[in-house]
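The values are calculated or read from the model by the stated rules, or taken from the named source; none is laboratory data. Here the structure is a predicted model, which means the values were calculated and not measured. Reconstructed Cβ throughout: ideal geometry from the backbone, glycine too, with neighbour counts over all protein chains shown.
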Amino acid sequence: MKTCILFLSCVLLLGCADTVNIKPKAKLRLDYPVASYKKSQTNCDYDFDVNDQAALVKTRNCGIRLSYPDMRAAVYITYQKVHNNNLDSLLYDAQKLAYNHDRKAISIPEKLFVNQDHNTYGVFYSINGNAASQSHFYLTDSVQNFVTGSLYFDAAPNFDSIYPAVVYLREDIMHLMETLEWE
C-alpha cells in the first residue's frame with residue numbers, strides 16, 4: 001500500500017509542468033462582399049433587383065432559384081396567379097409554410113411589408129433557430145399576382161454557424177421585396 005501511494009505521489013509531482021499555453025481568443029469572421037444589384041430579366045409578370053453574387057435560374061411556371069454558391073444557399077421563389085378569389089388560400093398556405101418550422105425555431109418574428117409605389121404588400125418571416133429554412137416571405141398586389149420565397153442552406157441547420165450568411169441573405173431578400181415590380 002505504501003508503494004502504491006509513493007508511486008502515485010511521484011506521478012503527480014513529475015506530471016505537473018510549469019509551462020502554460022495561453023490560447024488567444026478567436027472568433028470566426030466571415031466577410032461577404034458589399035451587395036451590388038442589377039435588374040433581373042425574368043420574362044414573367046414580375047421583376048426585381050438581384051445581387052451580383054446570386055445566379056438566377058428560372059424554373060417552371062415562372063419560379064426562380066437564386067443560388068448563392070459561395071454560401072451554399074438558395075432562395076426559392078414561386079409565382080402564382082390570383083384567380084377565382086383564391087387569395088385567402090394563397091395567404092394561408094404562405095403563412096403555414098413559414099410556421100411549419102416552429103418545432104425547431106426559437107422564434108419567428110414577422111415584418112409587415114407595404115410598398116404602395118410598386119403596389120406590393122406582404123410579410124417577411126425571420127426564422128431563428130436550427131430550422132430547415134431561415135426566412136420566408138410573400139408578396140402580392142392583392143388582385144392578380146402572388147409570390148412566395150424561402151431561404152435554404154445546403155448544410156445542416158446550425159444557426160450559430162450560418163448566422164453571418166443568414167443576416168447577409170435576409171438583407172438581400174428585403175432588397176428583393178423592396179424592388180419587386182409587377183409587369
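At-a-glance table
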{"item": "Among (1) surrounded by fewer than 21 Cβ atoms within 10 Å (Cβ to Cβ); (2) in contact with a Pro (Cβ under 8 Å, 6 or more places away or on another chain) - the single one residue 125 does not satisfy", "result": "(1)"}
{"item": "Every residue from segment 139-183 that is part of a loop (DSSP other than H, G, I, E, B), in contact (Cβ under 8 Å) with a residue 60 or more places away in the chain and more than 18 Å from residue 115 (Cβ to Cβ)", "result": "154, 155"}
{"item": "Residue identified as at pLDDT below 90 and within 18 Å of residue 49 (Cβ to Cβ) among 183, 178, 171", "result": "183"}
{"item": "Some residue of segment 78-94 being at pLDDT 90 or above, of a type in the set (Lys, Arg), exposed (fewer than 10 other Cβ atoms within 10 Å of the Cβ) and over 16 Å from residue 152 (Cβ atoms)", "result": "no"}
{"item": "Some residue of segment 50-59 being part of a strand (DSSP E or B), touching a Pro at 6+ places or on another chain (Cβ under 8 Å) and either loosely packed, with under 14 Cβ neighbours inside 10 Å or modelled with pLDDT under 90 (or both)", "result": "yes"}
{"item": "Unmet criterion (only one of (1) closer than 18 Å to residue 122 by Cα; (2) within 16 Å of the chain's Cα centre (by Cα); (3) of a type in the set (D, E, K, R)) for residue 88", "result": "(2)"}
{"item": "Answer residue from segment 148-164, given it is of a type in the set (Ser, Thr, Tyr) and surrounded by fewer than 20 Cβ atoms within 10 Å (Cβ to Cβ) and is modelled with the highest pLDDT among those", "result": "152"}
{"item": "Output for segment 95-109, where each listed residue is at pLDDT below 90 and of a type in the set (Lys, Arg)", "result": "103, 104"}
{"item": "Residue tally, condition in contact with a Ser or Thr (Cβ under 9 Å, 6 or more places away or on another chain) and not in a strand (DSSP E or B), over segment 120-131", "result": "1"}
{"item": "Single residue of segment 1-35 satisfying the filter (surrounded by 10 or more Cβ atoms within 10 Å (Cβ to Cβ) and within 50 Å of the chain's Cα centre (by Cα)) that is modelled with the lowest pLDDT", "result": "30"}
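Rundown of residues vs (1) within 24 Å of residue 32 (Cβ to Cβ); (2) out of contact with any Phe, Trp or Tyr (no Cβ under 9 Å at 6 or more places or on another chain), yes/no style:
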{"site": "111", "(1), (2)": "yes, no"}
{"site": "116", "(1), (2)": "no, yes"}
{"site": "119", "(1), (2)": "no, no"}
{"site": "130", "(1), (2)": "yes, no"}
{"site": "138", "(1), (2)": "no, no"}
{"site": "151", "(1), (2)": "yes, no"}
{"site": "157", "(1), (2)": "yes, yes"}
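Here is a yes/no grid of residues against (1) at negative phi; (2) not in a strand (DSSP E or B):
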residue: 70; (1), (2): yes, yes
residue: 78; (1), (2): yes, no
residue: 85; (1), (2): no, yes
residue: 89; (1), (2): yes, yes
residue: 101; (1), (2): yes, yes
residue: 114; (1), (2): yes, no
residue: 118; (1), (2): yes, yes
residue: 134; (1), (2): yes, no
residue: 137; (1), (2): yes, no
